[in-house]
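Just so it is clear, none of the values below were taken in a lab; they were calculated from the coordinates. Remember, it's a predicted structure, so these values are computed and weren't measured experimentally. Heads up, the Cβs are rebuilt from the backbone with ideal geometry, glycines too, and the neighbour counts pull from every protein chain shown.
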Amino acid sequence: MKRLVLSAPLLLAACDGPLSTLQPSGSIAGQIAWLWWVMLGGAVVLTVLVLVLLAMAFGRPRDVDGRVWTHRLGLWFSLVILSATLGAGLWVGERILPRDDDAVVVEAHAVQWGWRFTHEDAAGNRVETDDLLHIPAATPVDVLVTSEDVIHSFWVPQLAGKMDAIPGRTNRIRIEADSPGTYAGLCAEFCGSGHARMRFDVQAHADWPPDLSEDSADE
Ligand SMILES: [Cu+2]
């Protein structure tokens with residue numbers, strides 16, 4: 001137990017970095033990170049309860065009130081915790097869905113093994129980029145996710161959750177970056193021998209659409 005406690009900082013250090021869902025850079029990813037902590041809190045509380053019950057079961061015999069430990073704690077308390085985490089999941093899940101509003105729409109097309117992204121320039125022309133998705137900062141962006149061949153998955157951990165790229169189907173996911181910058185993305189569904197190479201970047205621009213003719217790294 002002592003080792004586990006001492007190694008906690010090391011374990012938490014692994015949750016750091018540009019692919020961490022626990023370092024959100026937008027409101028959608030922020031809500032997902034919040035839900036992660038709520039789920040962790042609920043799991044810890046129930047795990048502690050089970051460990052206490054186990055300790056009592058294997059400890060020396062003693063008189064216990066069955067109504068308290070079985071009904072109130074074992075049943076009702078657990079139901080309250082599970083209901084709260086379920087409610088939090090439904091609440092967050094509903095709030096991060098794409099809506100019919102003025103969100104910017106871009107496209108992400110997956111192919112073994114890379115990403116082709118499309119956005120519109122100021123003249124309304126389609127601009128295609130490989131493995132680099134341009135989006136506006138501080139604006140909701142809906143990504144239309146498609147696939148050429150097998151199932152892939154579009155994931156930018158600091159901006160949103162995952163969305164599968166399925167052949168013959170268009171899935172929509174909303175992402176948002178609070179501020180200009182570059183965010184790491186990857187394919188989150190094993191899709192063959194080149195899966196590990198399916199990394200990409202998302203560049204969030206203060207000005208939209210961006211002028212890519214001079215320098216795409218204008219942020
Ligand atoms: Cu993949």
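Specify the residue with the greatest mean-square fluctuation among Trp155, Trp69, Trp37, computed from a Gaussian network of the chain linking alpha-carbon atoms under 10 Å apart.
Sorting by GNM fluctuation, first place goes to Trp69.
Report the far tail of the P(r) of the stretch 104-205, meaning the percent of Cα-Cα pairs longer than 25 Å.
12
Under 15 Å from the Cβ of Ser153, count the other residues' Cβ atoms, weight Lys and Arg +1, Asp and Glu -1, and hand me the total.
Summing Lys and Arg as +1 and Asp and Glu as -1 gives +1.
For the chain, what is one quarter of the convex hull surface built on the Cα atoms, given in nm²?
So the Cα hull casts an average projection of 16.4 nm².
Quick one: Arg67, Arg60, Arg174, fewest Cβ neighbours within 10 Å first, how do they rank?
Arg60, Arg67, Arg174
Below 13 angstrom from the Cβ of Val106, what's the summed charge of the other residues (Lys, Arg +1; Asp, Glu -1)?
Result for the local shell: -2.
With θ set to phi - 60° and the Karplus curve 6.51 cos²θ - 1.76 cosθ + 1.60, what are the ³J(HN,Hα) couplings of the stretch 54-63 in order, to the nearest whole Hz, using x for Gly and Pro?
Result, ordered by residue: 5, 4, 5, 5, 9, x, 5, x, 8, 7 Hz.
Arranged by the count of other C-beta atoms within 10 angstrom, fewest first, what order do Val106, Val202 take?
Val106, Val202
Sum up the charges of everything whose Cβ sits under 11 Å from the Cβ of Ala122, counting Lys and Arg as +1 and Asp and Glu as -1, but leave Ala122 out.
Taking every other residue near Ala122 into account, the sum is -4.
Just Val104, Val143, Val48 to compare: in a GNM of the chain, with alpha carbon springs under 10 Å, which one fluctuates most?
With Cα springs under 10 Å in the chain, the top fluctuation among Val104, Val143, Val48 is at Val48.
Determine the distance separating the Cα centre of the stretch 43-81 from the Cα centre of the stretch 138-211; give it in Å without decimals.
Taking the Cα centre of the stretch 138-211 as reference, the centre of the stretch 43-81 is 44 Å away.
Treating the angle as unsigned and between 0 and 90°, give the value, to the nearest 10°, between the Cα long axis of helix 78-95 and the longest Cα principal axis of the chain.
The angle comes out near 10 degrees.
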